[in-house]
Every structure is written in C-alpha cells, then in structure tokens.
Amino acid sequence: MIDKHIIGLAKKLWDYHHVDHVLKKADCILVLGSHDLRVAERGAELYLQGYAPLLIFSGGLGNFTQGMWTEKEADKFAAIAINMGVPAENILIENMSTNTGENIVFTQKLLKDKGINPNSFIVVQKPYMERRSYATFKQHWPDKELMVTSPQISFDDYPNEEIPLDRVINIMAGDLQRIKEYPALGFQVFQEIPEDVWDAYGQLVAAGFNKHLMKQ
C-alpha cells in the first residue's frame, strides 16, 4: 500500500536523483530515450529556447519500451520535436541503444562519424534519472562539460496513466541501487549516497518496491 510514510520515503529518493544543475547555453542537447514522452518535449523546449543549435535523440527499444512500442524511442522523440517546431536538419538520431551506457557510447560514435566534436552538453532524461545519467555520461565522456535536466514536474504531479506511482517508486529504488553498485562495474562514476537516502531505499525495498532491482 502506498501510504504517507511510503510517499515520504519515495520523495527522499526523488530529491536525491535530481542534480539541480543551472542550465546555460551548450554545444548540443542530448535527449536520452525512455518511456516518458515528456522527456522529448523538454529537449525540444530547450532547443526552441536557444540553449543549443543541435538536438540529439538517443534510444532504441529498451527495458521498458520493448513491450510498449514498436517505434524506436529516438524516432518517436524526434517526431515530437519536429511537431513542436524543431527543424529536422538540426536533429541527429541514434536509435540502436538499449540502455544509458549505450546511449552515451553510441552517441559518441555517431558524432565522431559525422565529424562533430561538441565540448558541452545538456543531457535530458526523466526526473528520477538525472543523477544516474550524469554518472554514466561522466564515466564514458569525462572531459566534456555537462549539465543534466529533466521535465520540470513535481513528484506529486509526475505519475500518470502510463507511468503510475508504484512503477515510479520501483524504478527509483532500482536506479539508486545501480548508483551504488555500477561504479565498481565500470558503468558509472562514484556518487555519494547520504545515509538517510540509503535508509529510505532499504525501507522501500522491504515494503515490496523491488521490481526494478538488479538481478543477482
């Protein structure tokens, strides 16, 4: 049951997953694919507001979208951006990646193949994946300037019909576990996890929010 206590624990994770970067203009905006179309809208908004001259969408069919969509994440996201007024010629698409690490590595290859070498990036992801996106990007591309952002939505307003609250909490718990475990596997840079956040994670897992945990 999702009672007030569970909500309080979940908000601790939600707040930790945000890196709260202040945005400034960059060489490109890199939007990481997901099952949340609001991420595409956020990337397009930033382009239209003049934050960068190039908009990249990265994502094939991943863990959550494999059974939801037939169209690849990056293609679906790019169509949203074009519909919002972003010129197609200022969009690049990488649509083979299936996880965050591949988002970064495959985008590196795409840019190298096109002879483009941006120095600064704005990465856009879901609100509860800001920190993990930051840690993954910095592992694979440490020399680039990086800002991370997400749809500007509160925890209370974020869940919807496609992404209900219980799924949000399950994913946040799984992502926190990955923030802790992935540095040792070479997938992410280290991120300190405050004791109260890790305690909240433990309570959520004990309460049954364990559906997105790593397979042991």
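List of remarks:
- Residues of the range 112-136 satisfying the condition of being within 20 Å of the chain's Cα centre (by Cα) and of a type in the set (Val, Ile, Thr): Ile122, Val123, Val124, Thr136
- If you go through the range 104-129 and keep only what is in a helix (DSSP H, G or I) and open to solvent by less than 10 Å² (accessible area, probe 1.4 Å), you end up with Ile104, Thr107, Leu111, Pro127, Tyr128.
- Here is the figure for the range 14-37: residues that are under 22 Å from Glu102 (Cβ atoms) and of a type outside the set (A, V, I, L, M) total 7.
- For the range 157-173, filtered to residues that are charged (D, E, K, R) and surrounded by fewer than 13 Cβ atoms within 10 Å (Cβ to Cβ), the residue that is nearest to Asp15 (Cα to Cα) is Asp157.
- Number of residues in the range 72-93 that are buried (at least 24 other Cβ atoms within 10 Å of the Cβ) and either of a type in the set (Asp, Glu) or in a loop (DSSP other than H, G, I, E, B) (or both): the value is 1.
- Residue in the range 147-164 that is in contact with a Pro (Cβ under 9 Å, 6 or more places away or on another chain) and either closer than 20 Å to Val105 by Cβ or part of a helix (DSSP H, G or I) (or both) present: no
- Scanning the range 94-101 for any residue that is open to solvent by 10 Å² or more (accessible area, probe 1.4 Å), part of a loop (DSSP other than H, G, I, E, B) and under 19 Å from Asp175 (Cα atoms) turns up at least one such residue.
- Filter result for Glu73 (free of Cβ contacts under 8 Å to residues at least 60 places away in the same chain and more than 28 Å from Ile179 (Cβ to Cβ)): no
- Conditions (1) out of contact with any Cys (no Cβ under 8 Å at 6 or more places or on another chain); (2) open to solvent by 50 Å² or more (accessible area, probe 1.4 Å): number failed by Pro53: (1)
- Residue within the range 17-28 that is within 18 Å of Arg178 (Cβ to Cβ), hydrophobic (A, V, I, L, M, F, W, C), touching a residue at least 40 places away in the same chain (Cβ under 8 Å) and open to solvent by less than 40 Å² (accessible area, probe 1.4 Å) present: yes
- Close contacts from the range 88-113, counting a first residue that is touching a residue at least 60 places away in the same chain (Cβ under 8 Å) and a second that is assigned to a strand (DSSP E or B) and crowded, with 18+ Cβ neighbours inside 10 Å, with Cβ to Cβ under 7 Å and a gap of 6+ residues or different chains, come to Ser97/Ser58; Thr100/Leu32; Asn103/Leu32; Asn103/Ser58; Thr107/Leu30; Thr107/Ile56; Thr107/Ser58; Thr107/Glu94.
- Filter result for Phe57 (in contact with a Gly (Cβ under 9 Å, 6 or more places away or on another chain), within 20 Å of Tyr158 (Cα to Cα) and among the aromatic types (Phe, Trp, Tyr)): no
- Restricting the range 174-216 to residues that are within 17 Å of Asp15 (Cβ to Cβ) and assigned to a loop (DSSP other than H, G, I, E, B), the residue that is most open to solvent (accessible area, probe 1.4 Å): Glu192
The values are calculated or read from the model by the stated rules, or taken from the named source; none is laboratory data. Because the structure is a prediction, the values reported are computed rather than measured. A quick note on method: Cβ atoms are made from the backbone with ideal geometry, for glycine too, and the neighbour counts reach across all protein chains shown. Calculation scope for accessible area: heavy atoms of the full protein, side chains included, ligands and nucleic acids excluded. Shrake-Rupley method; radii C 1.70, N 1.55, O 1.52, S 1.80 Å.
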